[in-house]
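The values are calculated or read from the model by the stated rules, or taken from the named source; none is laboratory data. Predicted model only: the values in this text are computed from it and were never measured. Here Cβ is always computed from backbone atoms with ideal geometry, including for glycine, and neighbour counts include all displayed protein chains. With ligands, DNA and RNA removed, areas are computed over all heavy atoms of the protein, side chains included. Shrake-Rupley method; radii C 1.70, N 1.55, O 1.52, S 1.80 Å.
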Amino acid sequence: MTWSPAAAVSGLGRRLRSAALLLLLVAVFALLAAGALWIAFRPPAALGRPEPLPVAANDREIVWLYAATNNASWERFVAALLKTGDRLRADYPDLEIQDAAAFPPQTTATPEIALLWKTSGRRLVFRWYKLTSKQKTADWVDALMRRQPPPLAIIGGSTSDAARDLATQMHAAAESLPPDKRPLLLLTTATADEIIERVEMGPDLVARAEGAPAVRLHQLYPDRTFRFCFTNKQMAAAVTRFIWQHDELRPDSDPVHVVRWDDDAYSRDLAEGFWRALQVVSVESAAVEWAWALGCCLRAGSPPDLGCAIVPYQRLGAGGSAFRMAAVQTGGELRAGGDLLIDSSVGSFDAPNRMEAKAAVYLLKSIEDHPNQRRPLLVVTGQAQPARRFLRAFERNAPERARACVVVTGDSIAFNTVYRDGKVAWPIQDLPYRLVFFCHHNPTDTDAGFHAAEEVRETGDGPGPTTTTGTEDLLLFGDIVAALALCYNRDGRPCADATELGDRFHDLRLYEGRLGFAPPPGRPLFNKDGNRHSGTGEHIVYLTPEYQGPRVLPRAVIEVWSWRTEGIGETAESRWERYGRPLEVRYDGTERQGVAP
């Protein structure tokens, strides 16, 4: 076969076309592989700008705005929604709960759970948008307000600081929206009555604004904020009422000792709440105060200007009685203000920091100055960890005086701390105090799933973390879900916007333990400011150590009391009632047993 230039050119062309086709196929496969790798390994959403999910035409979105580390709180919220949804079927027979996406397998996905009214096809969709170091409160609020439609409500504020930041950002972002589209702010456990303004000092660093006045928390985002917990002043009032109505807890003479931490806004606000509550109770119980004043005289109580913390005194005449703040002797320096002020709450799990150790010594000195006081009242206003450290330091200095003290506080010490986790978090032999603290709901509600440890052991199972876990958070979240469902779909008519939803919130009443729109004697859930009304769920936990002569036994008894208010206005009647039977807690690993009522 003879060589031909035309044939050679034709063969070369075929080879080039084959090579080009091969290169094209390789390029296509490379692009596909790169796309697949980008989808599989792309950075999580937390590293970029927040991207709220779209809202379908028949949906209304409720945002759960919590930190990405709050998995346990989201689990409790979902559990509360499931249980509350079952109860709501009495009002809405066509209600369905859609929870398939409540716990997505990918951590970067947005968890959601929805209430569906099947007849109308309308849904309330609850979505957890996660706060991270890159996607902060301001970022999410801005993104949610810009998206159309904005959410109907935002749930947040697990602490007062978080509530302040959220309310401030929502107020700023909502100014560009029509009033009817401005979401409601639903606070969970932000208890501060007043908040001090804070300023940014750099990345992730804020400080108190110099000379800034305190503002009421509900005024940061006015007319749109609803608080489902009780405030510090309400907690202090409830605890004070409780101890004043129990002879074994009420202090027999002055002074009352108050410990607070200066770097903790909660502690400062709660201390102010207790001071006001002590003033009120002195006026309401003049007869008791006369007995107290007589006790002070008989036991050689100190003059008002030498006591530590709060000193009661009896005013003569029609004015009744009141309390007077005394000066505090600390390290040879006389400081006005009437309490033991600890500068820092930073420290380890057990060991007190330097300032807490010094304050424990000052407290001991003050109590020794009143040797005839048999039942000192010690108000500890810090968080659980600093309070535990301080109380342990005081007990080591004066174990006999510690067991005589009655310790009261707000909600920072949780029921789980002294019951479920008590062996580690509150060992009674190291903390042999009679302790009274506050819960926003019943922590031992059997209908909500609580079972005492001894009841669980009777079945042959271990106590586990679920059945013995306090139910106060479950019930509080249930109130939020019930309020949203009832107000969104009232009498079969969905609310038109956030403004109407807020108006319906003000109509909510609590009657026989259930939320609804019942007329009086149902008690309104919220006041005009959006704060929760007193008499709608306050509970007290009372922990009593057990002794055998001078020895503190590894046992304690827990009682749960509820504040019952019936009626409204002048006809309202209130009283403390014990819920169920007391619980016995054992700290030595032996089986817990019930205590007969």
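Quick check, is residue 73 modelled with pLDDT of 95 or more and among the polar types (S, T, N, Q)? Judged against the criteria, residue 73 is a match. The set of residues from segment 526-535 being closer than 18 Å to residue 235 by Cα, more than 18 Å from the chain's Cα centre (by Cα) and not small (Gly, Ala, Ser) comprises 527, 529.
Restricting attention to segment 83-102, and to residues there that are open to solvent by 50 Å² or more (accessible area, probe 1.4 Å), closer than 18 Å to residue 494 by Cα and acidic (Asp, Glu), which single residue is modelled with the lowest pLDDT?
Step one: of segment 83-102, the residues open to solvent by 50 Å² or more (accessible area, probe 1.4 Å) are 83, 86-87, 89-91, 93, 96, 98-100.
The next check asks that each one be closer than 18 Å to residue 494 by Cα; those that pass are 89-91, 93, 96.
Narrowing the set further to residues that are acidic (Asp, Glu) leaves 91, 96.
Details: 91: 92, 96: 97.
Selected residue: 91.
Does at least one position in segment 521-538 carry a residue that is outside any loop (DSSP other than H, G, I, E, B), crowded, with 18+ Cβ neighbours inside 10 Å, of a type outside the set (Val, Ile, Thr) and at pLDDT 95 or above? The answer is yes; a qualifying residue exists. When every residue of segment 551-562 is checked against the conditions, none turns out to be in contact with a Lys or Arg (Cβ under 9 Å, 6 or more places away or on another chain) and not in a strand (DSSP E or B).
In the set 205, 184, 217, only one residue is among the hydrophobic types (A, V, I, L, M, F, W, C) and either at pLDDT 95 or above or touching a Phe, Trp or Tyr at 6+ places or on another chain (Cβ under 6 Å) (or both); that residue is 184.
If you go through segment 263-280 one residue at a time, do you hit one that is outside any helix (DSSP H, G or I) and at pLDDT 85 or above? First the steps, then the outcome.
Residues of segment 263-280 that are outside any helix (DSSP H, G or I), as a first pass: 263-264.
When the remaining residues are screened for being at pLDDT 85 or above, the result is 263-264.
There is at least one residue in segment 263-280 that is outside any helix (DSSP H, G or I) and at pLDDT 85 or above.
Of the residues making up segment 134-147, at least one is more than 21 Å from residue 74 (Cβ to Cβ), among the hydrophobic types (A, V, I, L, M, F, W, C) and not in a strand (DSSP E or B).
Given the residues 375, 396, which is the only one that is open to solvent by 20 Å² or more (accessible area, probe 1.4 Å) and part of a loop (DSSP other than H, G, I, E, B)? Talk me through it step by step, then tell me what you get.
Working: 396 fails: part of a loop (DSSP other than H, G, I, E, B).
Unique residue meeting the criteria: 375.
The residues in segment 236-262 that are assigned to a helix (DSSP H, G or I) and either of a type in the set (D, E, K, R) or open to solvent by less than 20 Å² (accessible area, probe 1.4 Å) (or both) can be counted, and the count is 8. The residue that is nearest to the chain's Cα centre (by Cα), counting only those in segment 103-134 that are surrounded by fewer than 20 Cβ atoms within 10 Å (Cβ to Cβ) and small (Gly, Ala, Ser), is 133. Taking each residue of segment 142-159 that is among the polar types (S, T, N, Q) and open to solvent by 10 Å² or more (accessible area, probe 1.4 Å) and looking for partners that are part of a helix (DSSP H, G or I) and modelled with pLDDT of 95 or more with beta-carbon atoms closer than 8 Å, six or more apart or interchain, yields 158/73. Of the residues contained in segment 245-257, none is found to be touching an Asp or Glu at 6+ places or on another chain (Cβ under 8 Å) and among the β-branched types (Val, Ile, Thr).
Quick check on segment 541-565: of everything there that is of a type in the set (A, V, I, L, M) and more than 14 Å from residue 583 (Cα to Cα), which residue is surrounded by the fewest Cβ atoms within 10 Å (Cβ to Cβ)?
553
Within segment 508-519, is even one residue among the hydroxyl-bearing types (Ser, Thr, Tyr), outside any loop (DSSP other than H, G, I, E, B) and open to solvent by 60 Å² or more (accessible area, probe 1.4 Å)? Scanning segment 508-519 turns up at least one residue that is among the hydroxyl-bearing types (Ser, Thr, Tyr), outside any loop (DSSP other than H, G, I, E, B) and open to solvent by 60 Å² or more (accessible area, probe 1.4 Å).
Yes or no: segment 217-224 includes at least one residue that is part of a helix (DSSP H, G or I) and of a type in the set (Lys, Arg). Full working, then the answer.
Of the residues in segment 217-224, the ones part of a helix (DSSP H, G or I) are 217-219.
Next, from what is left, pick out any that are of a type in the set (Lys, Arg): none.
Checked against the condition, which is being part of a helix (DSSP H, G or I) and of a type in the set (Lys, Arg), segment 217-224 yields no hits at all.
When residues in segment 76-96 are screened for being without any contact (Cβ under 8 Å) to a residue 12 or more places away in the chain and farther than 14 Å from residue 116 by Cα, 1 of them pass.
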